[in-house]
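**Student:** Got a structure for you, written out below as structure tokens; questions coming shortly.
Values in this text are rule-based calculations from the coordinates and carry no lab data. Fair warning: this is a prediction, and the values are worked out from it, not measured in the lab. We place every Cβ from the backbone using ideal geometry, glycine too, and count neighbours over all the protein chains shown.
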Amino acid sequence: MDPITSSPIVRILNEDVRRYHRWSTPSILPGQERVEDFYASDVSISAGFFGTLVDHTGVFGEAERFAAAAQGADRTMFSVHGSSGSNWVVLRMLAMERQDGLVLVARNIHHSMMNAIKAFDLDFRFLPAPYDARFEALLPPSVDDVVSALDRHPEALAVIYTSPTYEGLTGNTEDIVAAVHARSEDCLVFVDEAWGGHLHFHGDLPCSAMAAGADICVQSTHKLAGGLQQTGLIHWREDRVDTELLEEAYREYVTTSPSYGLLASADAAVRALAACGTDLLGESIARTARLKAALRRALPDADLLDDPRWLDAVSRNVSGVDLVKTTLGLSRYALTGYQVAEALVERGIVIEKAGVSTITLITTFQLAEDAVEATVTALRDILDGRQLPGSERQAAPGNPFAGIDDRPVIRPHDAKRLAKSIGHEVQLREAIGKVAAEEVEVYPPGIPLILEGFRVGADAVRYLEQARASGGSIVARDTSLATLRVL
Ligand SMILES: Cc1ncc(COP(=O)(O)O)c(C=O)c1O
């Protein structure tokens with residue numbers, strides 16, 4: 001094919017992707033019901049006899065009702081822009097409910113949540129979120145922390161947190177819901193369950209947000225729930241959430257040209273999990289257990305996040321752990337997580353996430369039979385002989401989220417506006433202690449480390465420098481990290 005007219009995207013999808021063992025999203029259920037010819041059957045809203053997504057009519061309403069019943073919600077809507085779009089819609093609803101309203105948010109919320117808070121100029125306070133350096137993981141907020149924040153801000157429109165976290169740690173949602181509902185008739189418990197679309201379909205997995213009583217949650221169908229990329233679900237309880245306002249926010253946002261093929265996959269994946277989730281997820285859970293057992297044997301110096309003593313120690317914040325995720329702490333080795341991830345790619349293996357001294361793998365539905373053996377062999381190859389002497393460990397990076405206040409010095413929305421007039425660029429190190437006028441994060445996990453309107457923390461700067469030096473991907477205006485815009 002002519003190299004000018006031939007699409008590199010088409011080429012990579014046809015020729016390259018399937019050559020890798022993918023321990024990374026999307027997790028696609030191979031056996032789900034499929035659109036036979038994706039191209040021949042692509043169709044628009046003009047074929048209105050199917051019903052319309054935005055009105056929840058026809059086949060779309062039917063699919064939404066099925067998903068709601070399957071996941072224990074009163075109502076469900078499809079997102080056509082993943083959980084990023086869903087978070088935007090829910091926060092828009094909150095902003096319409098009370099202009100200038102306040103929300104209580106966990107520090108580890110995804111940037112889509114933070115960006116929506118900024119865009120709609122909602123006021124917010126961060127909930128304390130303990131950090132575990134060994135696994136580079138922020139934990140969900142504890143019930144006590146939620147209660148004391150709500151006592152200080154009884155006017156809060158919502159308590160918002162991520163559960164499961166990127167590492168698969170679930171919060172104590174049942175207790176948080178009970179505490180919030182006991183204190184406020186209006187305050188919503190809104191769970192970003194982007195990583196938990198599968199939880200409801202296997203009894204050994206932690207309880208899903210809806211089953212734990214959350215008022216509203218979002219899920220990415222493609223992360224762990226079997227569907228193709230780009231879709232998601234918003235589930236809610238009608239007696240707690242203003243359905244009319246939520247639908248208005250949805251109509252403002254949703255594209256007029258949703259891909260029915262992608263929606264079909266989201267619907268088919270939910271139905272497959274509802275029908276055979278115990279078997280399908282049971283296989284993934286068993287395979288994850290095999291992976292962990294093999295890793296323990298092959299790499300006795302690595303730390304595994306499922307250590308029951310550690311989980312017990314963090315039970316104020318953590319109710320359980322997703323059994324299809326594997327996070328390894330590598331601080332006993334002389335390689336960074338980023339270097340290990342790169343070396344794995346060279347061996348035909350893609351993992352979900354790397355950090356300064358951690359890696360996270362997802363047991364996806366599409367993994368081939370030999371994936372566990374191939375991956376353990378590759379990791380042993382990469383890490384054997386790279387142990388630090390004695391019981392030495394790499395110095396754990398300091399908590400990059402430490403030192404950040406629970407509230408901004410100036411609202412991020414205003415900081416953004418002022419950035420153009422009084423903002424100026426300084427060397428990153430000089431920015432410490434000054435108010436940031438732009439956002440910087442490492443992706444993944446996509447949690448902002450430097451936030452507009454907040455003072456720049458020394459630990460955040462050190463962490464960013466370390467992440468960049470060891471191969472992490474920086475998302476910022478200046479990805480070289482030479483400069484930062486401050487007020
Ligand atoms: C906690 C969390 N929320 C939301 C998202 C966004 O999800 P999506 O990719 O479906 O837009 C992510 C993506 O990684 C995430 O980790």
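**Student:** Rank the residues 189, 43, 350, 376 as a footprinting-exposure proxy: fewest other Cβ atoms within 10 Å of their Cβ go first.
**Tutor:** 43, 350, 376, 189
**Student:** To make sure I understand, if each residue's beta carbon is the centre and we count other beta carbons within 10 Å, what order do 175, 192, 145, 384 fall in, fewest to most?
**Tutor:** If I rank by nearby Cβ atoms, fewest first, I get 384, 175, 145, 192.
**Student:** If you don't mind, there's one more thing I want to ask. Along Cα→Cβ, 7 Å out, is where each label goes; now give me the distance between the ones at residue 43 and residue 278 in nm to one decimal.
**Tutor:** 3.6 nm
**Student:** Now a separate question. From largest to smallest, what semi-axes in whole angstrom does segment 328-439 give when each is the square root of 5 times an eigenvalue of its alpha carbon gyration tensor?
**Tutor:** Values for segment 328-439, descending: 39, 19, 12 Å.
**Student:** What percentage of all Cα-Cα pairs in segment 141-222 are separated by more than 19 Å?
**Tutor:** Pairs farther apart than 19 Å: 32 percent.
**Student:** Between the alpha-carbon centers of segment 1-40 and segment 168-228, tell me the distance in whole angstrom.
**Tutor:** 31 Å
**Student:** Right, another one. Can you list, largest first and rounded to whole Å, the semi-axes you get for the chain by taking the square root of 5 times each eigenvalue of its Cα gyration tensor?
**Tutor:** 32, 30, 24
**Student:** Name the shape class, rounded, prolate or oblate, that the alpha-carbon gyration tensor gives for segment 62-204, where a ≥ b ≥ c are the square roots of its eigenvalues, rounded holds for a/c under 1.5, and otherwise prolate holds if a/b is larger than b/c and oblate otherwise.
**Tutor:** Judged from the Cα gyration tensor, segment 62-204 comes out rounded (a/c under 1.5).
**Student:** Shape verdict for segment 388-463, please, from the Cα gyration tensor: rounded (a/c under 1.5), prolate (a/b greater than b/c) or oblate.
**Tutor:** Prolate.
**Student:** Determine Rg/Rh for segment 277-383; Rg is computed over alpha-carbon atoms and Rh is the Kirkwood hydrodynamic estimate from the same atoms.
**Tutor:** That ratio equals 0.96.
**Student:** Could you list 98, 107 in order of exposure, starting from the residue whose Cβ has the fewest other Cβ atoms within 10 Å?
**Tutor:** 98, 107
**Student:** Give me the log10 of I(q) over I(0) for segment 7-88 at q = 0.15, 0.26, 0.27 Å⁻¹, as the Debye formula computes it from C-alpha points; what are the numbers?
**Tutor:** -0.87, -1.31, -1.32
**Student:** Something else about it: Helix-derived [θ] at 222 nm for the chain: sum -39500 (n - 2.57) over DSSP H runs of at least 4, divide by residue count, nearest 500?
**Tutor:** Roughly -11000 deg cm²/dmol at 222 nm, from the helical runs in the chain.
**Student:** Continuing with this model, one more query. Could you work out the relative contact order of the chain? I mean the mean sequence separation of Cα pairs under 8 Å and 6+ apart, divided by the number of residues, in percent.
**Tutor:** 18 percent
**Student:** Another question about this same structure. Can you give the convex hull volume per residue for the Cα atoms of segment 262-337, as a whole number of Å³?
**Tutor:** Convex hull volume per residue, Cα atoms: 149 Å³.
**Student:** Hey, what did segment 412-486 get for relative contact order, percent, Cα under 8 Å, at least 6 apart?
**Tutor:** Value for segment 412-486: 41 percent.
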